[in-house]
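The values are calculated or read from the model by the stated rules, or taken from the named source; none is laboratory data. Everything quoted here is computed from the prediction, not taken from an experiment. Glycine also receives a Cβ, built like all others from the backbone with ideal geometry; neighbour counts cover every protein chain displayed. With ligands, DNA and RNA removed, areas are computed over all heavy atoms of the protein, side chains included. Shrake-Rupley method; radii C 1.70, N 1.55, O 1.52, S 1.80 Å.
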Amino acid sequence: MPSLSRVHAAQWALALSGLILTACIVSTDHSDPNPEQALPRLIVLLKDRNPEMRRTAAQSLGKIARKEAVPALVEALRDPDAGVRRTSAWALGMIGEDAVGPDRSPLASLLFDPDPGVREAAAMALGLTGDTQAGIELLLERLQEPATPADVKRLAAASLGGMEARTAVPVLMKLLADRDARVRRWAVAALGEIADQETVVPLSKVLTNDPHPGVRIEAAFRLGKFGGEAARPAFTAALKDANADVRRLANAALKELAGGGHA
């Protein structure tokens, strides 16, 4: 016999399916869907005990894309389940400019989320709401605050790289000298995502001089993607690196250059 919790989840799943159909099916006269009946019940489901129900409710609200759902979706950005936070961010992006209030977009805070999928969804949603610059500004502010924790620096660097924020290059290059190896590695990764040619020389110095093998591995990998001839001296020097992965990546990059790639 199925447990009561499973029966409860199944009942809610059926109910939610009906709500989604009510909200999304186009009538036979080809008029626009009428979501008013489903909207308040979907908002209630954002607080369901089952995270799968909350995720589905957020997704349905994104499909409906009504500004009346914004307060509930903003609250859901603090949900303990990463999937709910990710889907709620996506839903706000689908709502568009109506999701942005007079203050800085609440989506910007998710750029520091520990889950990469949530950060990616937040960055995408900021673009859809026309508020990408607000997110970039917040990230840069936090990076330049005194005594910013290493985890915050790392997550900020990851978000800036994911957003390919060229205006962040000077700040990210400063992070290459951070005392925390994890911060340096994520700064290298972010600069690799942005792939600005002015960063080839600084990243080449990281490849040849950074004391942490993980940071040198990241630098070799990223330079192999866009460094080109300017990175050749660093790749050549890295053939003598103490770390086998650094040597392997440097050798692969030199072979690529010899074959005419990444000129």
What about residue 141, is it under 21 Å from residue 206 (Cβ atoms), open to solvent by 70 Å² or more (accessible area, probe 1.4 Å) and not aromatic (Phe, Trp, Tyr)? no
For the stretch 85-189, which helices (runs of 4 or more DSSP H) that fit wholly inside it have 3 or more residues that are within 29 Å of residue 212 (Cα to Cα) and in contact (Cβ under 8 Å) with a residue 40 or more places away in the chain? 116-128, 150-162
Just the residues that are open to solvent by 20 Å² or more (accessible area, probe 1.4 Å) and either farther than 16 Å from residue 253 by Cα or polar (S, T, N, Q) (or both), please, taken from the stretch 206-234. 208, 209, 211, 212, 213
Among 79, 98, which is the only one that is open to solvent by 70 Å² or more (accessible area, probe 1.4 Å), under 28 Å from residue 137 (Cβ atoms) and in contact with a helix residue (DSSP H, G or I) (Cβ under 8 Å, 6 or more places away or on another chain)? 98
Taking the stretch 101-116 as the region of interest, how many residues are out of contact with any Gly (no Cβ under 6 Å at 6 or more places or on another chain), modelled with pLDDT of 85 or more and either among the basic types (Lys, Arg) or open to solvent by less than 20 Å² (accessible area, probe 1.4 Å) (or both)? 3
Go through 195, 263, 189 for me and flag whichever is of a type in the set (A, V, I, L, M, F, W, C), at pLDDT below 95 and in contact with an Asp or Glu (Cβ under 9 Å, 6 or more places away or on another chain). 263
Quick check on the stretch 176-194: of everything there that is closer than 10 Å to residue 154 by Cβ and of a type in the set (Asp, Glu), which residue is surrounded by the fewest Cβ atoms within 10 Å (Cβ to Cβ)? 180
If you take the residues of the stretch 210-263 that are under 28 Å from the mean Cα position of the chain (by Cα) and β-branched (Val, Ile, Thr), which of them is nearest to residue 183 (Cα to Cα)? 215
Selection count, the stretch 160-170, where residues are of a type in the set (Gly, Ala, Ser) and modelled with pLDDT under 90: 1
A careful count of residues in the stretch 52-76 that are in contact with a helix residue (DSSP H, G or I) (Cβ under 7 Å, 6 or more places away or on another chain) and more than 19 Å from residue 119 (Cβ to Cβ) gives 15
Search the stretch 233-255 for residues that are within 14 Å of residue 205 (Cα to Cα) and pair each with any residue that is hydroxyl-bearing (Ser, Thr, Tyr) and open to solvent by 40 Å² or more (accessible area, probe 1.4 Å) when their beta-carbon atoms are under 6 Å apart and the residues are at least 6 apart or on different chains. 234/208; 237/208
Take residue 247 and tell me if it is under 24 Å from residue 138 (Cα atoms), open to solvent by 40 Å² or more (accessible area, probe 1.4 Å) and in contact with an Asp or Glu (Cβ under 6 Å, 6 or more places away or on another chain). no
